[in-house]
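Student: The structure that follows is given in the form of C-alpha coordinates.
The values are calculated or read from the model by the stated rules, or taken from the named source; none is laboratory data. Since the structure is predicted, the reported quantities are computational estimates derived from the model, not experimental observations. As a convention, Cβ positions derive from the backbone with ideal geometry for all residues, glycine included, and neighbour counts pool all protein chains shown. Each accessible area value is taken on the protein alone, full model and side chains, heavy atoms only, with ligands, DNA and RNA left out. Shrake-Rupley method; radii C 1.70, N 1.55, O 1.52, S 1.80 Å.
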Amino acid sequence: MLTHALYRPMLRKLVMTRMFRPRFPAAAAAALALACGGTGPTNINPRSGTITVTPTSITIPVGQTQQITITVRDSLGNTVSGFTVTWASASPSVASVDNTGLVTGVAVGTTTITASSMGLSVDVPVTVTALPPSATVDSVVVSPALANVAVNGSLQLTATLLDSAGNTVNGPAVSWSSSNTAVATVSATGLVSGVVQGNATITAMSQGKSGSAAITVIVPVNNEPVNYTPIVGRRFDSKATADADRGTGSFPFKTGGSEGWDGLEWSQSRLTIVQDSLAPISPSSVLQIRYPNAFKGGVAPGTAQSLKFNSGYGRSPKEIYVHYALKVSADFFGHKTGTNKIQFYWVAGGARVFDRLVGTGTNNLNYQIALQGSSPPPCETRSRLNGNQTAPARFNRDQWYDVEVQMILNTAGQCDGIFRAWLNGQLIIEYTDVGVLASGEANRTWEQLQLRPIWGGGGDTTPNEFFMWVDHMYLSGTP
(Lines give C-alpha, C1' and ligand atoms only; values in the text may rest on other atoms or scores of the structure.)
Protein backbone atom coordinates (compact mmCIF):
# COMPACT_ATOMS: atom_id res chain seq x y z
CA MET A 1 0.00 0.00 0.00
CA LEU A 2 2.83 2.36 0.70
CA THR A 3 4.41 1.58 -2.63
CA HIS A 4 1.13 2.12 -4.42
CA ALA A 5 0.54 5.40 -2.71
CA LEU A 6 4.05 6.50 -3.61
CA TYR A 7 3.51 5.99 -7.36
CA ARG A 8 -0.09 7.28 -7.55
CA PRO A 9 0.83 10.88 -8.56
CA MET A 10 3.08 9.60 -11.35
CA LEU A 11 0.38 7.34 -12.69
CA ARG A 12 -2.16 10.24 -12.75
CA LYS A 13 0.29 12.36 -14.81
CA LEU A 14 0.86 9.58 -17.30
CA VAL A 15 -2.85 9.04 -17.86
CA MET A 16 -3.51 12.77 -18.41
CA THR A 17 -0.74 13.00 -21.00
CA ARG A 18 -2.03 10.13 -23.11
CA MET A 19 -5.64 11.39 -23.15
CA PHE A 20 -4.84 15.04 -24.39
CA ARG A 21 -6.36 16.02 -27.75
CA PRO A 22 -4.98 19.29 -29.10
CA ARG A 23 -7.45 21.56 -30.99
CA PHE A 24 -6.13 23.51 -34.02
CA PRO A 25 -7.81 26.62 -35.33
CA ALA A 26 -9.46 26.24 -38.72
CA ALA A 27 -6.77 28.32 -40.42
CA ALA A 28 -4.02 26.18 -38.91
CA ALA A 29 -5.80 23.07 -40.09
CA ALA A 30 -5.89 24.51 -43.60
CA ALA A 31 -2.18 25.24 -43.45
CA LEU A 32 -1.50 21.74 -42.23
CA ALA A 33 -3.58 20.25 -45.01
CA LEU A 34 -1.71 22.28 -47.60
CA ALA A 35 1.64 21.31 -46.11
CA CYS A 36 0.66 17.67 -46.42
CA GLY A 37 -0.17 18.04 -50.09
CA GLY A 38 -3.93 18.61 -49.79
CA THR A 39 -5.90 21.42 -51.36
CA GLY A 40 -7.45 22.62 -48.17
CA PRO A 41 -11.13 23.11 -47.46
CA THR A 42 -13.15 25.77 -49.31
CA ASN A 43 -15.71 26.35 -46.57
CA ILE A 44 -13.39 27.73 -43.94
CA ASN A 45 -14.83 30.52 -41.84
CA PRO A 46 -12.83 33.57 -42.97
CA ARG A 47 -13.66 35.81 -40.03
CA SER A 48 -9.99 36.60 -39.61
CA GLY A 49 -9.53 36.96 -43.46
CA THR A 50 -10.31 39.74 -45.93
CA ILE A 51 -12.97 40.82 -48.42
CA THR A 52 -12.05 43.00 -51.42
CA VAL A 53 -14.00 44.59 -54.29
CA THR A 54 -13.22 45.87 -57.79
CA PRO A 55 -13.52 48.75 -58.47
CA THR A 56 -13.07 50.38 -55.06
CA SER A 57 -15.10 53.44 -56.13
CA ILE A 58 -17.51 54.23 -58.93
CA THR A 59 -18.46 57.33 -60.95
CA ILE A 60 -21.21 56.80 -63.52
CA PRO A 61 -23.73 58.98 -65.41
CA VAL A 62 -27.44 58.67 -64.80
CA GLY A 63 -28.81 55.60 -66.54
CA GLN A 64 -25.43 53.90 -66.92
CA THR A 65 -24.29 50.73 -65.12
CA GLN A 66 -21.11 49.42 -63.52
CA GLN A 67 -20.34 45.87 -62.29
CA ILE A 68 -18.71 45.30 -58.90
CA THR A 69 -16.84 42.03 -58.33
CA ILE A 70 -15.99 40.64 -54.86
CA THR A 71 -13.16 38.39 -53.64
CA VAL A 72 -13.05 36.70 -50.17
CA ARG A 73 -9.80 35.29 -48.72
CA ASP A 74 -9.03 33.50 -45.47
CA SER A 75 -6.32 34.56 -43.05
CA LEU A 76 -3.71 32.70 -45.10
CA GLY A 77 -4.69 34.49 -48.31
CA ASN A 78 -6.51 31.55 -49.87
CA THR A 79 -9.52 32.41 -52.04
CA VAL A 80 -12.79 31.23 -50.55
CA SER A 81 -15.60 30.08 -52.83
CA GLY A 82 -19.22 29.14 -52.40
CA PHE A 83 -20.05 32.12 -50.22
CA THR A 84 -23.19 34.24 -50.33
CA VAL A 85 -22.97 38.01 -50.84
CA THR A 86 -25.54 40.53 -49.74
CA TRP A 87 -25.61 43.82 -51.63
CA ALA A 88 -27.17 47.03 -50.38
CA SER A 89 -27.33 50.68 -51.40
CA ALA A 90 -27.44 53.40 -48.78
CA SER A 91 -29.51 55.56 -51.16
CA PRO A 92 -31.33 53.51 -53.81
CA SER A 93 -32.81 56.73 -55.17
CA VAL A 94 -29.28 57.75 -56.23
CA ALA A 95 -27.84 54.36 -57.24
CA SER A 96 -29.35 50.89 -57.08
CA VAL A 97 -27.58 47.52 -56.96
CA ASP A 98 -28.90 44.08 -57.87
CA ASN A 99 -27.99 40.71 -56.34
CA THR A 100 -25.05 40.29 -58.73
CA GLY A 101 -23.36 43.58 -57.80
CA LEU A 102 -24.50 45.51 -60.91
CA VAL A 103 -24.83 49.18 -59.97
CA THR A 104 -27.18 51.52 -61.89
CA GLY A 105 -27.07 55.31 -61.69
CA VAL A 106 -30.55 56.62 -60.86
CA ALA A 107 -30.13 60.30 -60.03
CA VAL A 108 -27.33 62.80 -59.57
CA GLY A 109 -25.75 62.44 -56.11
CA THR A 110 -23.56 60.22 -53.94
CA THR A 111 -24.20 57.02 -52.01
CA THR A 112 -22.48 53.89 -50.74
CA ILE A 113 -22.86 50.32 -51.95
CA THR A 114 -22.11 47.72 -49.26
CA ALA A 115 -21.14 44.13 -49.98
CA SER A 116 -21.42 41.68 -47.02
CA SER A 117 -20.39 38.04 -46.78
CA MET A 118 -19.62 35.61 -43.92
CA GLY A 119 -19.45 38.34 -41.35
CA LEU A 120 -17.23 40.62 -43.44
CA SER A 121 -18.27 43.75 -45.32
CA VAL A 122 -16.80 46.44 -47.55
CA ASP A 123 -18.15 49.81 -48.75
CA VAL A 124 -17.90 51.17 -52.30
CA PRO A 125 -18.43 54.95 -52.69
CA VAL A 126 -20.60 55.79 -55.71
CA THR A 127 -20.97 59.15 -57.45
CA VAL A 128 -23.74 59.54 -60.02
CA THR A 129 -23.28 62.37 -62.53
CA ALA A 130 -25.57 64.03 -65.06
CA LEU A 131 -25.67 62.78 -68.65
CA PRO A 132 -22.72 64.12 -70.65
CA PRO A 133 -23.51 66.90 -73.15
CA SER A 134 -22.99 64.48 -76.05
CA ALA A 135 -26.05 62.55 -74.98
CA THR A 136 -28.33 65.56 -75.42
CA VAL A 137 -29.40 66.36 -78.98
CA ASP A 138 -29.07 70.04 -79.84
CA SER A 139 -29.57 69.84 -83.61
CA VAL A 140 -30.37 67.39 -86.41
CA VAL A 141 -28.72 67.52 -89.84
CA VAL A 142 -30.34 65.61 -92.70
CA SER A 143 -28.20 64.65 -95.65
CA PRO A 144 -28.58 65.32 -98.48
CA ALA A 145 -30.50 68.49 -97.69
CA LEU A 146 -31.63 68.95 -101.29
CA ALA A 147 -32.33 66.06 -103.66
CA ASN A 148 -34.28 64.83 -106.67
CA VAL A 149 -36.12 61.52 -106.66
CA ALA A 150 -37.73 60.00 -109.72
CA VAL A 151 -41.32 58.80 -109.67
CA ASN A 152 -41.17 55.20 -108.41
CA GLY A 153 -37.54 55.81 -107.47
CA SER A 154 -36.01 55.95 -104.00
CA LEU A 155 -33.28 57.78 -102.10
CA GLN A 156 -31.73 57.04 -98.70
CA LEU A 157 -31.48 60.01 -96.32
CA THR A 158 -29.32 60.06 -93.20
CA ALA A 159 -29.83 62.04 -89.99
CA THR A 160 -26.80 63.16 -87.97
CA LEU A 161 -27.51 64.15 -84.35
CA LEU A 162 -25.28 66.82 -82.83
CA ASP A 163 -24.83 68.22 -79.32
CA SER A 164 -24.34 71.89 -78.49
CA ALA A 165 -20.60 71.59 -79.15
CA GLY A 166 -21.13 70.06 -82.59
CA ASN A 167 -20.19 66.54 -81.51
CA THR A 168 -22.05 63.57 -82.95
CA VAL A 169 -24.61 61.99 -80.64
CA ASN A 170 -25.21 58.26 -81.04
CA GLY A 171 -28.11 56.29 -79.68
CA PRO A 172 -31.20 58.51 -79.47
CA ALA A 173 -34.15 57.44 -81.57
CA VAL A 174 -34.98 59.28 -84.80
CA SER A 175 -38.45 59.59 -86.33
CA TRP A 176 -39.10 60.47 -89.98
CA SER A 177 -42.06 62.20 -91.61
CA SER A 178 -43.11 63.68 -94.98
CA SER A 179 -44.93 66.97 -95.44
CA ASN A 180 -46.69 65.58 -98.50
CA THR A 181 -47.10 61.82 -98.60
CA ALA A 182 -49.03 62.10 -101.85
CA VAL A 183 -45.74 63.21 -103.47
CA ALA A 184 -43.09 61.39 -101.45
CA THR A 185 -43.17 58.94 -98.56
CA VAL A 186 -40.42 58.11 -96.09
CA SER A 187 -39.78 54.93 -94.13
CA ALA A 188 -38.78 54.59 -90.48
CA THR A 189 -35.16 54.35 -91.63
CA GLY A 190 -35.19 57.47 -93.84
CA LEU A 191 -35.73 55.83 -97.24
CA VAL A 192 -37.65 58.27 -99.47
CA SER A 193 -39.89 56.97 -102.27
CA GLY A 194 -41.19 59.15 -105.10
CA VAL A 195 -44.93 58.86 -105.73
CA VAL A 196 -45.90 61.63 -108.16
CA GLN A 197 -44.23 64.72 -109.52
CA GLY A 198 -44.02 67.53 -106.98
CA ASN A 199 -42.24 68.74 -103.86
CA ALA A 200 -42.12 67.48 -100.29
CA THR A 201 -40.15 68.19 -97.14
CA ILE A 202 -38.79 65.20 -95.29
CA THR A 203 -38.19 65.81 -91.57
CA ALA A 204 -36.09 63.84 -89.08
CA MET A 205 -36.77 64.47 -85.37
CA SER A 206 -34.95 63.41 -82.19
CA GLN A 207 -35.40 64.68 -78.62
CA GLY A 208 -37.58 67.51 -79.87
CA LYS A 209 -34.99 68.76 -82.37
CA SER A 210 -35.47 68.41 -86.11
CA GLY A 211 -33.76 68.75 -89.48
CA SER A 212 -35.18 68.46 -92.97
CA ALA A 213 -34.47 67.80 -96.63
CA ALA A 214 -36.21 69.40 -99.61
CA ILE A 215 -37.21 66.66 -102.05
CA THR A 216 -38.32 67.19 -105.63
CA VAL A 217 -40.00 64.23 -107.28
CA ILE A 218 -39.37 64.32 -111.00
CA VAL A 219 -40.65 62.50 -114.04
CA PRO A 220 -37.59 61.62 -116.12
CA VAL A 221 -38.02 62.88 -119.65
CA ASN A 222 -38.20 60.20 -122.29
CA ASN A 223 -38.45 60.69 -126.05
CA GLU A 224 -37.54 57.10 -126.84
CA PRO A 225 -39.44 55.77 -129.84
CA VAL A 226 -41.91 53.11 -128.80
CA ASN A 227 -40.60 50.56 -131.29
CA TYR A 228 -37.02 50.66 -129.94
CA THR A 229 -35.84 47.87 -127.65
CA PRO A 230 -33.14 48.17 -124.93
CA ILE A 231 -29.56 47.29 -125.82
CA VAL A 232 -27.45 48.32 -122.84
CA GLY A 233 -27.56 50.77 -119.95
CA ARG A 234 -25.49 51.77 -116.98
CA ARG A 235 -26.33 53.39 -113.65
CA PHE A 236 -22.68 53.96 -112.68
CA ASP A 237 -23.18 52.34 -109.29
CA SER A 238 -19.70 50.83 -109.47
CA LYS A 239 -16.47 51.21 -111.38
CA ALA A 240 -15.20 48.25 -113.38
CA THR A 241 -12.73 46.13 -111.41
CA ALA A 242 -11.45 43.89 -114.20
CA ASP A 243 -12.04 43.49 -117.93
CA ALA A 244 -13.62 40.06 -117.54
CA ASP A 245 -16.15 41.09 -114.86
CA ARG A 246 -19.32 42.16 -116.69
CA GLY A 247 -21.48 42.15 -113.58
CA THR A 248 -24.55 40.09 -112.79
CA GLY A 249 -28.22 40.21 -113.74
CA SER A 250 -29.63 40.93 -117.16
CA PHE A 251 -29.42 43.75 -119.69
CA PRO A 252 -29.96 46.60 -120.05
CA PHE A 253 -28.87 47.25 -116.45
CA LYS A 254 -26.48 44.75 -114.95
CA THR A 255 -25.04 45.21 -111.46
CA GLY A 256 -21.50 44.96 -110.15
CA GLY A 257 -18.28 44.74 -112.11
CA SER A 258 -18.41 46.89 -115.24
CA GLU A 259 -22.25 46.76 -115.21
CA GLY A 260 -22.26 45.13 -118.63
CA TRP A 261 -19.75 47.51 -120.20
CA ASP A 262 -16.19 46.94 -121.33
CA GLY A 263 -13.77 46.90 -118.38
CA LEU A 264 -11.36 49.36 -120.00
CA GLU A 265 -11.91 51.97 -117.29
CA TRP A 266 -10.90 49.85 -114.29
CA SER A 267 -7.27 51.08 -114.16
CA GLN A 268 -8.00 54.73 -114.99
CA SER A 269 -7.57 56.81 -111.86
CA ARG A 270 -9.26 59.94 -113.25
CA LEU A 271 -12.56 58.06 -113.51
CA THR A 272 -14.27 57.49 -110.16
CA ILE A 273 -17.74 56.81 -108.78
CA VAL A 274 -19.02 59.58 -106.49
CA GLN A 275 -22.35 60.53 -104.94
CA ASP A 276 -24.66 63.34 -106.09
CA SER A 277 -28.22 63.29 -104.80
CA LEU A 278 -29.30 65.86 -107.41
CA ALA A 279 -28.48 63.62 -110.35
CA PRO A 280 -31.72 63.67 -112.36
CA ILE A 281 -32.10 60.09 -113.57
CA SER A 282 -30.70 57.52 -111.13
CA PRO A 283 -29.19 59.26 -108.11
CA SER A 284 -27.03 59.21 -106.25
CA SER A 285 -24.05 57.33 -107.76
CA VAL A 286 -22.50 59.08 -110.78
CA LEU A 287 -19.33 58.80 -112.84
CA GLN A 288 -16.85 61.59 -112.14
CA ILE A 289 -14.26 62.53 -114.77
CA ARG A 290 -11.39 64.66 -113.50
CA TYR A 291 -9.40 67.02 -115.70
CA PRO A 292 -6.23 67.76 -113.68
CA ASN A 293 -4.39 71.06 -113.69
CA ALA A 294 -1.94 71.43 -116.62
CA PHE A 295 -3.72 68.63 -118.52
CA LYS A 296 -2.78 68.65 -122.21
CA GLY A 297 -5.36 69.11 -124.94
CA GLY A 298 -6.18 66.49 -127.53
CA VAL A 299 -6.60 63.58 -125.11
CA ALA A 300 -9.26 62.32 -122.70
CA PRO A 301 -8.82 61.96 -118.91
CA GLY A 302 -10.22 58.45 -119.29
CA THR A 303 -12.51 56.23 -121.33
CA ALA A 304 -15.56 54.17 -120.42
CA GLN A 305 -17.20 52.27 -123.24
CA SER A 306 -19.86 49.72 -123.97
CA LEU A 307 -19.11 46.39 -125.54
CA LYS A 308 -19.51 46.23 -129.29
CA PHE A 309 -23.22 46.01 -129.95
CA ASN A 310 -23.05 42.99 -132.22
CA SER A 311 -20.63 40.76 -130.31
CA GLY A 312 -21.47 42.00 -126.82
CA TYR A 313 -25.24 42.26 -126.96
CA GLY A 314 -26.22 40.52 -130.19
CA ARG A 315 -27.60 43.70 -131.74
CA SER A 316 -26.86 45.56 -135.00
CA PRO A 317 -29.03 48.68 -134.92
CA LYS A 318 -29.49 51.11 -137.77
CA GLU A 319 -31.31 53.44 -135.40
CA ILE A 320 -30.27 54.25 -131.83
CA TYR A 321 -31.63 56.28 -128.94
CA VAL A 322 -29.22 57.40 -126.18
CA HIS A 323 -30.31 58.92 -122.87
CA TYR A 324 -27.96 60.23 -120.18
CA ALA A 325 -27.49 63.12 -117.75
CA LEU A 326 -24.47 65.43 -117.88
CA LYS A 327 -22.99 68.13 -115.67
CA VAL A 328 -19.73 70.10 -115.73
CA SER A 329 -18.21 71.95 -112.78
CA ALA A 330 -18.55 75.69 -112.26
CA ASP A 331 -14.86 76.14 -113.15
CA PHE A 332 -14.99 74.02 -116.33
CA PHE A 333 -12.59 75.66 -118.81
CA GLY A 334 -13.29 75.31 -122.51
CA HIS A 335 -10.43 74.37 -124.83
CA LYS A 336 -9.10 77.15 -127.05
CA THR A 337 -10.53 75.41 -130.13
CA GLY A 338 -13.98 75.43 -128.52
CA THR A 339 -14.18 71.64 -128.75
CA ASN A 340 -14.99 69.77 -125.53
CA LYS A 341 -16.03 66.28 -126.56
CA ILE A 342 -18.34 64.00 -124.58
CA GLN A 343 -18.77 60.64 -126.30
CA PHE A 344 -18.30 58.93 -129.64
CA TYR A 345 -20.74 56.83 -131.63
CA TRP A 346 -18.92 54.25 -133.72
CA VAL A 347 -20.20 53.20 -137.12
CA ALA A 348 -18.56 51.53 -140.12
CA GLY A 349 -15.37 50.90 -138.18
CA GLY A 350 -14.81 54.48 -137.03
CA ALA A 351 -15.87 57.11 -134.48
CA ARG A 352 -17.73 59.12 -137.13
CA VAL A 353 -20.18 60.89 -134.82
CA PHE A 354 -19.67 62.53 -131.44
CA ASP A 355 -21.41 65.05 -129.24
CA ARG A 356 -19.64 67.91 -127.51
CA LEU A 357 -19.89 71.16 -125.59
CA VAL A 358 -18.77 74.07 -127.71
CA GLY A 359 -17.16 77.04 -125.97
CA THR A 360 -13.77 78.48 -125.01
CA GLY A 361 -12.41 79.39 -121.59
CA THR A 362 -15.13 80.62 -119.27
CA ASN A 363 -17.42 81.61 -122.14
CA ASN A 364 -20.87 80.10 -122.63
CA LEU A 365 -21.16 76.45 -123.62
CA ASN A 366 -23.58 74.98 -126.17
CA TYR A 367 -24.48 71.38 -126.90
CA GLN A 368 -23.72 70.16 -130.41
CA ILE A 369 -23.50 66.97 -132.51
CA ALA A 370 -20.46 66.71 -134.78
CA LEU A 371 -19.59 64.58 -137.81
CA GLN A 372 -16.14 63.39 -138.75
CA GLY A 373 -14.59 60.88 -141.12
CA SER A 374 -13.00 60.86 -144.53
CA SER A 375 -15.76 59.26 -146.59
CA PRO A 376 -19.20 60.78 -146.07
CA PRO A 377 -21.51 60.86 -149.08
CA PRO A 378 -20.85 63.87 -151.35
CA CYS A 379 -24.14 65.44 -150.30
CA GLU A 380 -22.92 65.86 -146.71
CA THR A 381 -20.75 68.94 -146.42
CA ARG A 382 -21.25 69.76 -142.74
CA SER A 383 -19.02 68.79 -139.83
CA ARG A 384 -21.32 70.04 -137.09
CA LEU A 385 -25.04 70.00 -136.35
CA ASN A 386 -25.84 73.07 -134.28
CA GLY A 387 -29.04 73.74 -132.39
CA ASN A 388 -31.72 74.68 -134.90
CA GLN A 389 -34.87 74.73 -132.81
CA THR A 390 -36.64 77.38 -130.72
CA ALA A 391 -35.33 75.91 -127.46
CA PRO A 392 -31.74 77.00 -126.80
CA ALA A 393 -28.82 74.58 -126.88
CA ARG A 394 -27.16 76.52 -124.03
CA PHE A 395 -25.44 74.29 -121.48
CA ASN A 396 -24.79 76.09 -118.18
CA ARG A 397 -22.01 75.08 -115.86
CA ASP A 398 -22.74 73.51 -112.47
CA GLN A 399 -26.16 72.30 -113.58
CA TRP A 400 -27.47 68.87 -114.48
CA TYR A 401 -28.90 68.39 -117.98
CA ASP A 402 -30.99 65.50 -119.22
CA VAL A 403 -29.59 64.66 -122.67
CA GLU A 404 -31.38 62.55 -125.29
CA VAL A 405 -30.11 61.73 -128.77
CA GLN A 406 -31.79 59.83 -131.60
CA MET A 407 -29.76 58.94 -134.68
CA ILE A 408 -31.04 57.10 -137.74
CA LEU A 409 -28.39 56.14 -140.27
CA ASN A 410 -28.84 57.30 -143.84
CA THR A 411 -29.31 55.16 -146.88
CA ALA A 412 -25.76 54.48 -148.08
CA GLY A 413 -24.57 57.28 -150.33
CA GLN A 414 -27.60 59.50 -149.64
CA CYS A 415 -28.34 62.27 -147.15
CA ASP A 416 -31.58 61.09 -145.57
CA GLY A 417 -30.37 60.25 -142.07
CA ILE A 418 -32.26 61.74 -139.12
CA PHE A 419 -30.49 63.19 -136.07
CA ARG A 420 -32.35 64.67 -133.09
CA ALA A 421 -31.28 65.90 -129.64
CA TRP A 422 -33.16 67.10 -126.57
CA LEU A 423 -31.99 68.98 -123.46
CA ASN A 424 -34.24 68.54 -120.44
CA GLY A 425 -36.98 67.23 -122.67
CA GLN A 426 -36.91 70.15 -125.15
CA LEU A 427 -35.99 69.48 -128.75
CA ILE A 428 -32.90 71.53 -129.66
CA ILE A 429 -31.54 69.73 -132.74
CA GLU A 430 -33.40 68.10 -135.63
CA TYR A 431 -31.89 67.33 -139.03
CA THR A 432 -33.50 65.00 -141.55
CA ASP A 433 -30.80 65.25 -144.22
CA VAL A 434 -27.73 63.79 -142.56
CA GLY A 435 -25.21 61.69 -144.45
CA VAL A 436 -22.83 59.36 -142.61
CA LEU A 437 -22.62 56.17 -144.68
CA ALA A 438 -20.99 56.39 -148.09
CA SER A 439 -22.05 54.33 -151.03
CA GLY A 440 -20.86 50.76 -150.59
CA GLU A 441 -21.62 50.83 -146.82
CA ALA A 442 -25.22 49.70 -147.08
CA ASN A 443 -24.80 46.92 -144.51
CA ARG A 444 -23.10 49.06 -141.88
CA THR A 445 -24.77 49.65 -138.50
CA TRP A 446 -24.04 51.43 -135.25
CA GLU A 447 -21.25 49.51 -133.52
CA GLN A 448 -20.31 50.94 -130.13
CA LEU A 449 -20.85 53.75 -127.61
CA GLN A 450 -17.63 55.27 -126.23
CA LEU A 451 -17.65 57.81 -123.40
CA ARG A 452 -14.33 59.49 -124.14
CA PRO A 453 -14.39 63.20 -123.22
CA ILE A 454 -11.39 64.47 -125.16
CA TRP A 455 -10.52 68.03 -124.18
CA GLY A 456 -10.15 70.01 -127.40
CA GLY A 457 -7.96 69.33 -130.38
CA GLY A 458 -4.20 69.64 -130.13
CA GLY A 459 -2.35 72.15 -127.97
CA ASP A 460 -3.45 74.12 -124.91
CA THR A 461 -3.31 73.00 -121.27
CA THR A 462 -5.89 73.28 -118.53
CA PRO A 463 -5.34 76.30 -116.23
CA ASN A 464 -6.96 74.56 -113.28
CA GLU A 465 -8.56 71.30 -112.21
CA PHE A 466 -12.21 70.81 -113.21
CA PHE A 467 -14.75 68.01 -113.59
CA MET A 468 -17.44 66.39 -115.70
CA TRP A 469 -20.10 64.07 -114.27
CA VAL A 470 -22.33 61.52 -116.00
CA ASP A 471 -25.45 60.07 -114.40
CA HIS A 472 -27.01 57.04 -115.99
CA MET A 473 -26.55 55.85 -119.56
CA TYR A 474 -29.18 54.06 -121.58
CA LEU A 475 -29.12 52.95 -125.21
CA SER A 476 -31.85 51.32 -127.26
CA GLY A 477 -32.43 50.81 -130.93
CA THR A 478 -33.89 48.95 -133.82
CA PRO A 479 -32.38 47.32 -136.95
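Student: Given points 7 Å out from each Cα along the Cα-Cβ axis, report the D163 to T241 separation in nanometres with one decimal.
Tutor: In this crude spin-label approximation the distance works out to 4.0 nm.
Student: Would you list W266, W87, W455, W346 from the most to the least accessible area, probe 1.4 Å?
Tutor: The ranking, largest first, comes out as W266, W346, W87, W455.
Student: Run the dipole for the range 331-404 about the Cα centre, Lys and Arg Cβ at +1, Asp and Glu Cβ at -1, nothing else charged, and hand back the magnitude in debye, nearest 20.
Tutor: Dipole size: approximately 260 debye.
Student: Next question, about the same structure. Just the accessible area per residue of the chain, please: how many Å² with a 1.4 Å probe?
Tutor: Accessible surface, normalised per residue, equals 48 Å².
Student: So which of K239/K318; K254/K308; K254/K341; K239/K308 end up more than 25 Å apart by C-alpha?
Tutor: Table pairs above 25 Å Cα-Cα are K239/K318; K254/K341.
Student: Sticking with this structure for a sec: Roughly how far apart, in whole Å, are the Cα centres of the range 370-439 and the range 256-290?
Tutor: Each part's Cα centre sits 26 Å from the other's.
Student: Please state the shape class of the range 154-249: rounded when a/c is under 1.5, otherwise prolate if a/b exceeds b/c and oblate if not, all from the C-alpha gyration tensor.
Tutor: oblate
Student: Over the chain, what is the relative contact order in whole percent, taking alpha-carbon pairs under 8 Å and six or more residues apart?
Tutor: Result for the chain is 12 percent.
Student: Next up: Efficiency by 1/(1 + (r/R0)^6): what FRET value for L146 and V108, r their Cβ-Cβ distance, R0 = 45 Å, to the nearest 0.05?
Tutor: The value I calculate is 0.60.
Student: Compute the long axis of helix 2-18 from its Cα atoms, compare it with the longest principal axis of the Cα atoms of the chain, and write down the angle in degrees, 0 to 90, nearest 10.
Tutor: That works out to roughly 10 degrees.
Student: Can you give me the Cα centroid spacing of the range 119-165 and the range 446-465 in angstrom?
Tutor: 47 Å
Student: Still on this structure, please answer the following. What full-extension length gain, to one decimal in nm, is calculated for Q67 and A130 as 0.36 nm per residue of separation minus the Cα-Cα distance?
Tutor: Between Q67 and A130, full extension yields an extra 20.8 nm.
Student: Then there is this: How big is the equivalent ellipsoid of the chain along its three axes, where each semi-axis is √(5λ) from the Cα gyration tensor, reported in whole Å from largest to smallest?
Tutor: Sorted largest first and rounded, they come to 87, 28, 19 Å.
Student: Right, something else. If I compute solvent accessible area with a 1.4 Å probe over the protein chains, what percent of it on the chain is carbon and sulfur?
Tutor: 53 percent
Student: Moving to a separate point now. Which of the three applies to the range 248-376, rounded, prolate or oblate, going by the alpha-carbon gyration tensor with a ≥ b ≥ c and a/c under 1.5 meaning rounded?
Tutor: oblate
Student: Would the range 210-253 count as rounded, prolate or oblate if I go by the C-alpha gyration tensor, calling it rounded below 1.5 in a/c and otherwise prolate when a/b exceeds b/c, oblate otherwise?
Tutor: Verdict is oblate for the range 210-253.
Student: Would you mind getting me the FRET efficiency between Q372 and S139? Use the beta-carbon distance for r and R0 = 60 Å, nearest 0.05.
Tutor: 0.60
Student: I would also like to ask the following. Given a Förster distance of 30 angstrom, what is the FRET efficiency for K308 paired with T381, based on the Cβ-Cβ distance and rounded to 0.05?
Tutor: About 0.50, to the nearest 0.05.
Student: Let me ask something else. With axes computed from alpha carbons, what is the tilt in degrees of helix 26-35 against the longest principal axis of the chain, rounded to the nearest 10 within 0 to 90?
Tutor: In the chain, helix 26-35 runs at an angle near 70 degrees to the longest axis.
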